[in-house]
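Enquirer: Okay, handing you the structure first.
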Protein chains: 2
Amino acid sequence: MPEPARSRAQRRADTLAKLRRDVDLWVASADERGNAYLVPLSYYWDGSALTIATPRSSRTAVNLVRARWARVALGPTRDVVIVEGPVEAIPIGTDPRLEDAHARATGFDPRTLAEEYVYLRIAPRSIQAWREANELAGRQLMRDGEWLD
Amino acid sequence: MPEPARSRAQRRADTLAKLRRDVDLWVASADERGNAYLVPLSYYWDGSALTIATPRSSRTAVNLVRARWARVALGPTRDVVIVEGPVEAIPIGTDPRLEDAHARATGFDPRTLAEEYVYLRIAPRSIQAWREANELAGRQLMRDGEWLD
């Protein structure tokens, strides 16, 4: 038996806490021919956006820079947060405060690596959150960048 | 400190056990314009393929039927199994044994629902498995449908 469905206010509080607490998320992307890709990556949440870093020539970076839009998910599958929003590509060396914060949050610093990385900053426009099937109704917490209610 | 990297044989054994034991996975898909999508779904593993079920008109079903190829991931993000392979769409009522087994494994039976579902069977052609960064080397366990080594 699942727990009773949470209120929207509770889900919003839980979601913000989870964004602060978690380290990894799943990143879906696709090329211009519709070939989908999926990888887990670490992220830094600054209170208003997610920042990930991945090699500039990786499929994920190429796909997200092309699409300028990302759909990412925090798990596990029974405590889901799905975030969608536009992607801003930030070359290494552009924003040292962000880069320091990313290194602290994720435990790795792409500035120290031989391969060229790019930071990808995703500003949420849509956020959904649910645990079990009884929470599918009411899962939309943010739409068009605005928290609902 | 992560555990030492597992051998390929150990990863294969762990991966098969995880495919049998887990219930949910992440499904990436995309439309023909390259808009990526991502949802968690429950699955049934029959020893050689994954079967998921989702509404026939859902973005995931439409995308996967179009692409005829799926990339799915079992989590959590520090115990990853990524499976890619062709997708076979199986209409409801086609394979009662598979449908019974799917219902037992996932805890839901799309045959009982008002909305029309479709089963999507994914036969692995590529399998990767890793836990921490020290296991990224050697993560490829299956290629072109053949287990390596």
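Values quoted throughout were computed directly from the atomic coordinates according to the rules given, and no laboratory measurement underlies them. Quantities reported herein were computed from a predicted structural model and do not represent experimental measurements. Heads up, the Cβs are rebuilt from the backbone with ideal geometry, glycines too, and the neighbour counts pull from every protein chain shown.
Enquirer: Going toward the positive end of the dipole of chain B, with +1 on Lys and Arg Cβ and -1 on Asp and Glu Cβ, which of B:Trp130, B:Leu19, B:Val72 do you reach last?
Expert: Going by the charge dipole, the pick is B:Trp130.
Enquirer: Convert 4 °C to kelvin, take the viscosity as 1.567 mPa s, use the Kirkwood radius over C-alpha pairs of segment B:14-57 as Rh, and evaluate the Stokes-Einstein diffusion coefficient in µm²/s, rounded to a whole number. List each step's numbers first, then the result.
Expert: Numbers: Rh = 11.9 Å.
D = 109 µm²/s.
Enquirer: Right, here's the next one. Grab the alpha carbons of segment B:69-149, take their convex hull, and tell me the volume per residue in Å³.
Expert: So the per-residue Cα hull volume is 120 Å³.
Enquirer: Also: Counting other C-beta atoms within 10 Å, which of A:Ile127, B:Ile90 has the fewest, and how do the rest follow?
Expert: By the 10 Å Cβ count, ascending, the order reads B:Ile90, A:Ile127.
Enquirer: Moving to a separate point now. Taking Rh as the Kirkwood radius computed over C-alpha pairs, what is the Stokes-Einstein D of segment B:20-136 at 10 °C in a medium of viscosity 1.306 mPa s, expressed in µm² per second? Don't skip to the answer; put the middle values down first.
Expert: Values: Rh = 14.5 Å.
This corresponds to a translational diffusion coefficient of 109 µm²/s.
Enquirer: Nearest 500 deg cm²/dmol is fine: what mean residue ellipticity at 222 nm does chain A get from its DSSP H runs of n ≥ 4 alone, each adding -39,500 (n - 2.57), divided by its residue count? Write out the running numbers ahead of the final one.
Expert: Numbers: 3 runs with 34 residues, N = 149.
Counting only the DSSP helices, I get -7000 deg cm²/dmol.
Enquirer: Using the Cα centre of segment B:33-149 as the reference point, and only Cβ charges (+1 on K/R, -1 on D/E), how large is the resulting charge dipole? Debye, rounded to the nearest 20.
Expert: 420 debye
Enquirer: Taking the label point 7 Å from Cα in the Cβ direction, how far apart in nm is B:Met1 from each other copy of itself, listed shortest first?
Expert: So the label point of B:Met1 gives 4.6 nm to the other copies.
Enquirer: Give the average over all directions of the projected area of the C-alpha convex hull of the protein assembly as shown, one decimal, in nm². Spell out each step's value before the answer.
Expert: On the way: hull surface 64.6 nm².
Averaging across all directions leaves 16.1 nm² for the Cα convex hull.
Enquirer: Here is a further query. Could you tell me the extents of segment B:23-87's C-alpha atoms along the three principal axes, largest first, rounded to whole Å?
Expert: 31, 24, 18
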